[in-house]
1. Once the Cα gyration tensor of region 50-95 is found, what semi-axes does its equivalent ellipsoid get, as square roots of 5 times the eigenvalues, in whole Å, sorted largest first?
2. If neighbour count is taken as other Cβ atoms inside 10 Å, put 77, 22 in order from fewest to most.
Amino acid sequence: MNIVTLLPFIVLIGAMFLMTRSAKKKQQQAAQMRDQMQPGTGVRTIGGMYATVKEVHDDTVLLEVAPGVHAVYAKNSVGAVLADDEYNRIVHGTDFDGDELKSDSPVVPDDASSLIADDGAAGATEEPRTDLTKPGSAEAAKTEDAETETETEAAGSDADAADAKDTGNVTKNDGDTDAK
């Protein structure tokens, strides 16, 4: 055999060896990252959810996905273990220093109750409501609907009569065919 004939096979085997080696290396790094998880560490799942590790077991992890909400995930579903500053920057949107958020932005309430006025003040400044409908539009719509229904019924009876003439006065029931 000639070396030129074997060269493509040697290149393919070498490429496959390099690809499997890099994939193995990535798998080892991912396993090492998952082994570094400790309670209190921030993680991102492969689905993109950010959570805090509460407990680590052999194949599973207990994550706190929201305050007071815990979920059990497989260790393989953890996509990245994040550094504390990166996790706090992503989850809280700012740098996090202990229990205090370092932010000058106003705090947005969880509900709209603080955004509306008190009942006494709202009643005093309430303006009368304006009716924006066209006068008589409801009556016109009712008469148009009635006319449309009578036209449809008349057209339906004319079509039935024409069908009866075409088929030799034989009426068809549901499921009957035109075959004779």
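1. Semi-axes, largest first: 20, 12, 7 Å.
2. Details: 77 15, 22 10.
If I rank by nearby Cβ atoms, fewest first, I get 22, 77.
Coordinate-derived values only; no laboratory data. Keep in mind that this is a model prediction, so the values were computed, not measured. For neighbour counting, all protein chains shown are included, and Cβ atoms are generated from backbone atoms with ideal geometry for every residue, glycine included.
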